[in-house]
Amino acid sequence: MEKMLFGTKEWLDAFMNRLNADERYRELATDYEGNIIFRCYADPGVHELLSHDLEFYFDPYHGEIRDWRILEPGETIEVEYELSGKYPVWKRVASGELALKKAVIMTHEIKVKGKVSDLVKHIAAADRIIEVLTEMRDVYLFPDE
């Protein structure tokens with residue numbers, strides 16, 4: 001089976017569908033609501049996919065991702081939270097090499113817009129999102145692999 005490419009619609013659909021099927025995530029996020037953008041800053045030297053910022057929108061609501069999509073370049077949408085970082089940082093997070101909470105709270109390699117204290121209350125659900133992504137590593141490639 002050919003592997004999906006990180007950052008494509010196919011990859012995002014597989015990720016969100018897997019997350020929606022994950023009972024542990026559903027339990028951890030049962031009282032969470034607030035839409036999010038994960039932003040991966042452009043890094044055109046890596047791959048044409050990264051010729052512009054990649055922005056992944058998703059709308060978690062009480063343990064279910066109700067909506068998700070990749071925003072078009074220049075498209076804006078109002079969200080509760082934005083998590084932004086460079087491609088190498090997101091790659092380390094998605095690979096399980098760097099904990100999301102460490103990248104946000106300790107090293108500040110991922111910047112957050114929105115009420116961080118509310119996000120911290122749901123850190124276990126956020127950790128599970130990254131765990132699900134890491135568990136998918138056998139079905140997708142990063143653009144520089």
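None of the figures in this text is laboratory data; all of them are computed from the coordinates on show. Model, not experiment: these values are computed from the prediction. Glycine gets a Cβ as well: all are built from the backbone with ideal geometry, and neighbour counts include every protein chain shown.
Structure above, values below:
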quantity: Residue count for region 95-107, restricted to those that are more than 16 Å from the chain's Cα centre (by Cα) and exposed (fewer than 13 other Cβ atoms within 10 Å of the Cβ); calculated: 2
quantity: Set Arg18, Arg24: member being touching a residue at least 24 places away in the same chain (Cβ under 8 Å) and surrounded by 15 or more Cβ atoms within 10 Å (Cβ to Cβ); calculated: Arg18
quantity: Residues of region 111-145 satisfying the condition of being of a type in the set (Val, Ile, Thr), more than 18 Å from Leu12 (Cβ to Cβ) and surrounded by 15 or more Cβ atoms within 10 Å (Cβ to Cβ); calculated: Val112, Ile123
quantity: Count - residues of region 19-53 that are under 21 Å from Val79 (Cβ atoms) and in contact with a helix residue (DSSP H, G or I) (Cβ under 7 Å, 6 or more places away or on another chain); calculated: 8
quantity: Residue, surrounded by the most Cβ atoms within 10 Å (Cβ to Cβ), within region 64-94, restricted to residues that are within 13 Å of the chain's Cα centre (by Cα) and of a type in the set (Val, Ile, Thr); calculated: Val93
quantity: Unmet criterion (only one of (1) closer than 24 Å to Asp31 by Cα; (2) touching a Phe, Trp or Tyr at 6+ places or on another chain (Cβ under 9 Å); (3) basic (Lys, Arg)) for Lys91; calculated: (1)
quantity: Residue list for region 54-63, filter: surrounded by 15 or more Cβ atoms within 10 Å (Cβ to Cβ) and within 20 Å of Ile77 (Cβ to Cβ); calculated: Leu54, Glu55, Phe56, Tyr57, Phe58, Asp59, Pro60
